[in-house]
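Below you'll find the structure, written out as C-alpha cells, and then a few comments.
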Amino acid sequence: MIEDDLRAAFVRHEPLTPSTGPLRAAIDRLAATRRRRRQRFQAAGVTLAVLAALGVGVPQLRPDRPAEGPSLSGQPAGVQSGALNVLLLGVDGFGEEPSHRLADSVLLVHIPADRSRPYLISLPRDLEVSIPGRGIDKLNSAFYTGAAEPRPDLDAGYDLTRRVVADLTGVRIDAGAVLTFAGLRRITDAVDGVEVCLPKEVRSWHTRRTFPAGCQRLDGASSVDLLRQRRYLRDGGSDRDRNAQRYVAGLVRASVAQDVLTNPVRLAALLSAAGKGMAVDDDGLPLTRLVAVLPELKSVDPVGLSLPVGPPVANSSRLPLDPKRGPEFLAALGEDRLAQWVAQHPEKVNPIR
C-alpha cells in the first residue's frame, strides 16, 4: 500500500520537475568551450608568453590594430594602464617517465605601470605556502595537487598554482603559461639553440656534463639538462632559478636575432614547436592584448630578482618567507615600487648576462 502511494505521488509531481535538458546543454557548451580553448592555446606556444612578458614589441602580431587606438584600460594610446603580472611555470617530468608533475620553476614577470622595464621574479620551488586541499607544503606541490590523477591536466595544475601565487603575493595574475621540459627542448631547437651566460661552472648531476663559466649556446637537450641542476650548486634551487632567468633572457635574444617575430614561417614553426608540452592562460588578459602595450616599454632589458626567503624550516627543506625583507618586497611589488626596491637593494639583483 505504501509503495503504491509513493508511486502515485511521483506520478503527480513529475510534471512539476524542471527539465534537465537546458542544464545538460549548458554543461555540454561549457565543456566544448574549454576543449576549444585548450586546443587553441596549445598551438599558441609558451614562447609567445615569454616574449610578450619580457617586452619585445611586436605590432606585426596585431595586423588589425590601428596606429592610434585604445590600450588595455580603454584609454588612448600612450596613457599608462596599470601594472601587469604574468605567471610562467616550468614543469619537471610532465608527460615523461617518471611523471613528477612538479612546477620546479615558478617565474612571475612584473611589467610596471610606467612601462620602464620588466622584472623577472623567481619564487623558490621549496617556498612554504598554504595550498587549498593540501595544507602547508612546498610551492611546487601546488601544481601536482591541481593536476591530479589519473590523467594529469596542465590547465588544472596551473589554475591552482596561480591561486596560490596570487594569495602569496597579493597581486592579480593577468596571464600565464606552463612549459614542460619536453616542450622546452622543442622550442629551444626551433630557434637553433639558446645562448646562456653562466657566472660559474655547473656540473650535471644527471649526465655528468660540465657547463663552463661564460656564455655558451645550448640545444634543447642541453638546456633541459642545465635547468634541472641544483645538487652541485652552492645555493641549490636558488641558483637553478637564476639559471632559468638566464635561459629566458637568452631565448628572447635568439628570437629577436633571427627575426622570428617578423617572419611568418619562423613564427608559425616556433609557436607550434611546444605541442602538447605547454598550455597558455588567457582568462585574465589575452596575450594578444598584452602584446599591444609592449611598444610602450622604455627598455626590454629585464631585471632578475628572487623572493627573499629565510633558512629552511626545522627538520624539512621548506623555505619560509624572510620575516623582514619578504613583506617589504611583496609590498613594493603590490604597490608597483620595484624600481625603488632595487635601488635600495642592488645586491639582490640577479645578473642575467
Residues in the stretch 299-338 that are farther than 18 Å from V86 by Cβ and open to solvent by 50 Å² or more (accessible area, probe 1.4 Å): how many?
14
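Condition check ((1) part of a loop (DSSP other than H, G, I, E, B); (2) farther than 22 Å from L88 by Cα; (3) not charged (D, E, K, R)) across all residues:
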position: R172; (1), (2), (3): yes, no, no
position: V178; (1), (2), (3): no, no, yes
position: A182; (1), (2), (3): no, no, yes
position: R185; (1), (2), (3): no, no, no
position: T188; (1), (2), (3): no, no, yes
position: T207; (1), (2), (3): yes, yes, yes
Condition check: open to solvent by 50 Å² or more (accessible area, probe 1.4 Å) and at pLDDT below 85. Does A103 satisfy that?
no
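If I go through the stretch 209-238 residue by residue, how many of them are assigned to a loop (DSSP other than H, G, I, E, B) and surrounded by 16 or more Cβ atoms within 10 Å (Cβ to Cβ)?
Adding up the residues that qualify gives 5.
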Out of curiosity, is S130 assigned to a strand (DSSP E or B), polar (S, T, N, Q) and open to solvent by less than 30 Å² (accessible area, probe 1.4 Å)?
no
Is it the case that the stretch 176-199 has a residue that's among the aliphatic types (A, V, I, L, M) and touching a Pro at 6+ places or on another chain (Cβ under 7 Å)?
no
Flag for Q245 being at pLDDT 85 or above, farther than 29 Å from S299 by Cβ and open to solvent by less than 30 Å² (accessible area, probe 1.4 Å)
no
From the list G220, G310, G277, pick out the single residue that is touching a Lys or Arg at 6+ places or on another chain (Cβ under 7 Å), at pLDDT 80 or above and within 28 Å of G157 (Cα to Cα).
G220
Of the residues in the stretch 155-202 that are of a type in the set (D, E, K, R) and open to solvent by less than 20 Å² (accessible area, probe 1.4 Å), the one that is modelled with the highest pLDDT is D174
Under 6 Å between Cβ atoms, which residue pairs at least 6 apart in sequence (or on different chains) link something in the stretch 186-203 that is without any contact (Cβ under 8 Å) to a residue 60 or more places away in the chain and under 19 Å from R231 (Cβ atoms) with a partner that is in a helix (DSSP H, G or I) and open to solvent by 50 Å² or more (accessible area, probe 1.4 Å)?
none
T210 meets each of (1) within 24 Å of the chain's Cα centre (by Cα); (2) polar (S, T, N, Q); (3) modelled with pLDDT of 90 or more with one exception, condition (1)
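The values are calculated or read from the model by the stated rules, or taken from the named source; none is laboratory data. The structure presented is a predicted model; accordingly, all values stated were derived computationally and were not measured. With ideal geometry, Cβ positions are generated from the backbone for all residues, glycine too; neighbour counts draw on all protein chains shown. Note: areas computed on protein heavy atoms with side chains; ligands, DNA, RNA excluded. Shrake-Rupley method; radii C 1.70, N 1.55, O 1.52, S 1.80 Å.
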